[in-house]
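Encoded as structure tokens, the structure appears first; notes follow it.
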């Protein structure tokens with residue numbers, strides 16, 4: 001019997017044996033949030049912590065408190081610009097990690113009593129029981145009780161005794177037209193499952209049924225080969241595979257077993273390949289070649305689409321600007337999204353990555369022990385948001401370094417360093433400067 005690298009790998013292989021190769025999105029969802037052995041929800045290593053120097057990766061809030069402070073200031077500025085509403089403000093964070101970012105933001109907002117007193121509740125969207133408890137301990141105290149209801153889990157924050165509610169999905173958070181939601185999404189969208197597609201040349205006799213947007217009549221169809229999107233699916237690697245036989249990049253093969261799984265091209269159209277690449281003019285342009293320098297499509301072109309990201313962006317927009325299903329007398333609130341991805345409007349391709357112990361590994365090795373992420377399509381988020389609500393405006397994206405510099409990171413670092421030096425802690429002042437340099441580093445060593 002084949003030996004799999006993790007219990008989750010064995011479970012995935014058994015499922016694929018029954019159903020056949022699965023979409024990449026299904027593989028990612030299982031790896032990250034499976035009840036048994038999922039990276040975030042079903043830890044199989046005692047005392048494992050995904051974050052920090054002892055974990056797999058470090059996020060900006062873990063590097064310096066200044067990051068969360070400036071995000072808090074951004075929300076304060078938005079609250080002021082929108083009329084300083086005296087009640088009905090909600091703070092919502094999706095994918096809150098260990099709660100460090102929310103803690104830094106709340107501590108900062110306390111310096112603005114009028115806004116602090118306008119907050120009705122804090123919502124944390126978190127699927128991991130272990131991370132939920134870590135957030136509760138930080139934001140409420142280890143001895144603070146946590147109760148359960150139909151909505152989620154409840155406790156009381158150490159700041160202003162504000163109620164905190166944890167939910168597994170943002171859909172569990174009620175929408176109300178009088179509320180002013182301020183939504184934080186930091187390194188959240190990059191962990192959502194993606195579908196991957198490749199543009200292939202298909203003989204006319206193998207052409208799939210018309211896509212939803214294909215309005216050409218039968219008399220106009222060509223008998224020549226056509227280009228179609230085919231889905232990339234996940235299947236087990238052959239027994240006895242090695243890094244060499246799988247052509248694993250050398251940088252991803254150190255100290256890890258050979259990948260248990262691999263991407264394969266679907267032999268026929270799938271429901272995802274028929275619909276998702278036709279769901280946006282940006283994707284359709286890749287197939288027609290209208291955005292190509294040559295004016296012609298490129299067989300073999302790749303495409304990544306994240307339907308879950310569009311759903312979240314639409315939800316954010318409806319809460320802020322209102323929608324047909326949830327009308328709002330006037331838009332109020334804001335969402336701040338910080339993540340990895342192209343800032344030029346291009347569609348991400350071939351961006352799936354695995355991270356373990358602070359270095360890149362194959363995303364198909366040691367499922368459940370490896371963090372998976374993919375570049376965020378910011379243009380798709382904007383498209384989904386404005387489609388969901390006519391009341392929202394979308395700005396950006398801008399480089400994180402630009403955002404932090406405009407928010408005053410240099411000035412805040414100066415204050416912290418002078419305070420540390422005045423107490424005789426020159427080493428702490430240098431640590432603050434070093435951490436903040438990393439936050440604004442535009443090179444490969446930055447965030």
Can you tell me the orientation of helix 24-33 relative to the chain, as the angle in degrees between its alpha-carbon axis and the longest Cα principal axis, to the nearest 10? 30
Theoretical ellipticity at 222 nm over the chain - DSSP helices of four or more residues, -39500 (n - 2.57) apiece, nearest 500: -10000 deg cm²/dmol
Computed label-point distance, nm, for sites residue 35 and residue 434 using a 7 Å Cα→Cβ extension: 4.6
What's the angle, to the nearest 10 degrees (0 to 90), between helix 7-19's Cα axis and the longest principal axis of the chain? 40
Max mean-square fluctuation residue, GNM over the chain, Cα-Cα springs under 10 Å, options 93, 278, 187: 278
In cubic angstrom per residue, the convex hull of the chain built on its Cα atoms measures 182
Roughly how far apart, in whole Å, are the Cα centres of the range 74-118 and the range 289-363? 25
Using Cα springs under 10 Å in a Gaussian network model of the chain, which residue among 34, 185, 15 shows the largest mean-square fluctuation? 15
Between residue 419 and residue 85, 0.36 nm times their residue separation minus their Cα-Cα distance comes to what? 116.9 nm
Working from Cα positions, state the angle (0 to 90°, nearest 10) between the long axis of helix 426-440 and the longest principal axis of the chain. 40
Looking only at 83, 391, 97, which one moves most when the chain is put into a Gaussian network model with springs between Cα atoms under 10 Å? 83
For 265-273, 245-253, ranked highest to lowest by mean beta-carbon neighbours within 10 Å, the order is 265-273, 245-253
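Provide 71, 140 in ascending order of the number of other Cβ atoms located within 10 Å of each residue's Cβ, fewest first.
In increasing order of surrounding Cβ atoms, one gets 140, 71.
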How would 370, 18 line up from fewest to most surrounding beta-carbon atoms within 10 angstrom? 18, 370
Could you please rank 319, 230, placing first whichever residue has the fewest other Cβ atoms within 10 Å of its Cβ? 230, 319
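Every number in this text was worked out from the coordinates using simple rules, so none of it is lab data. Values in this document were obtained by computation on a predicted structure and should not be read as measured data. Neighbour counts are summed over all protein chains in view; Cβ atoms, including those assigned to glycine, are modelled from backbone coordinates with ideal geometry.
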